[in-house]
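Every read-out reported here was derived from the displayed coordinates using simple, explicitly stated rules and does not represent laboratory data. In this text, all values refer to a predicted model and were calculated from it rather than measured experimentally. Note: ideal-geometry Cβ built from the backbone for every residue, glycine included; neighbour counts use all protein chains shown.
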Amino acid sequence: MRLLPTRHRWLPPFVLLSLALALWINFTPFTRLTQPRAAMRVERLPATSAFYSGQKIMILSPHPDDETLCCAGMIQQAHAAGADVYVTWLTSGDGFEFDAALEGRQLRPGSAAFRKLALRRMQEARAAAAVLNIPVSHLNFLGYPDGGLFRLFLENYATAYTSPTSGLNRVSYDGTFNPGSAYTGLNLERDMASVVDAVNPDLLLVPAPQDAHLDHRTASYLAQRLMAERGQTARLRFWVVHGGLEWPLPKGLHRGDPLTLPSRAMNLAWTRDDLTPAQILKKGAAISAYRTQMTVLGRFMVAFERKNELLSTTALPPGPLGEGVQPIIGDGR
């Protein structure tokens, strides 16, 4: 038998590992084999508290699409119960280079392409909201920089930040809540407080601090501080979109599968919100409204069309402070 040259002997193990990873990410039976208890854990979760008539629910969404991925089923159930739903987007999504490259049809997009992308994503957000029957008057775009929220939270709290993608240093897009506001953490907190206080929501749905995306984690910190200042932390509920390596598994469209617990936040006080087939289909229609995202991240996006959604009543797991909180990373979305 002829052996492979030494420099090529890594190739068969690499191919096998790549095949196993592809099966794990994309093939439902293989995912069930490797995670036999994942579905069982979801089935044992308590049900999310029912919505009620007159209830006011606000979703703080770091980017256009997050509100649909996390909560489109719950939005439908809230409306069916007679509740009012509001969505506030902290950024307009002007920091995703792959999207901007496709939108501008150029390998290295300039600031104009990122600004054009922001306007397109705002249009898509309005279209998704329309699918979910959220009134236009219940939508707010704050317009702060995608990928820059943590900078505003820390070193640019009082001094203006310039986005490396759009080139902007202040809220500039048509249709934003407070145009002309400098990109500072102080202004972001002020605008968040204004929209929250105007609605006074009974529930505020925000990213969990374990979410892998830097903007999501920052949004969580800001929301928790805002509600703590008002003595209303009990109104907070938490969701995850970037939940760990390749989550949610398997990738692609699997409407009959459960949305399993995210590996980065396994031990939060999760509740399960079961969706009807009709609610899943409408969620899919809202996801499809985000055409820019679907072009690049389609298999990730439709992986949230599952038979349940997840909502935690706590931001941290039980135990010592910080247990289960993992390092911050960004995904450029």
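Here are a few things to note about the model shown:
- A cut-off under 9 angstrom between Cβ atoms defines the neighbours of Ile59, and their net charge, with Lys, Arg +1 and Asp, Glu -1, is -2.
- Computed from label points 7 Å out along Cα-Cβ, the spacing between Asp202 and Leu253 is 3.5 nm.
- Sites Arg126 and Ala39 - FRET efficiency at Förster radius 30 Å, r taken between beta-carbons, to 0.05: 0.25
- Simple label model, 7 Å out from Cα along Cβ direction - Phe98 to Ala193, nm: 3.8
- Filtered trypsin sites (Lys or Arg not before Pro), segment 184-270: DSSP coil and at most 15 other beta carbons within 10 Å: Arg230, Arg255
- Taking amide H as placed 1.01 Å from N in the peptide plane, Leu311 has its amide H under 5 Å from the amide H of Thr271, Asp273, each at least 5 places away in sequence or on another chain.
- Theoretical FRET efficiency, 1/(1+(r/R0)^6), r = Cβ-Cβ of Leu281 and Arg230, R0 35 Å, to 0.05: 0.40
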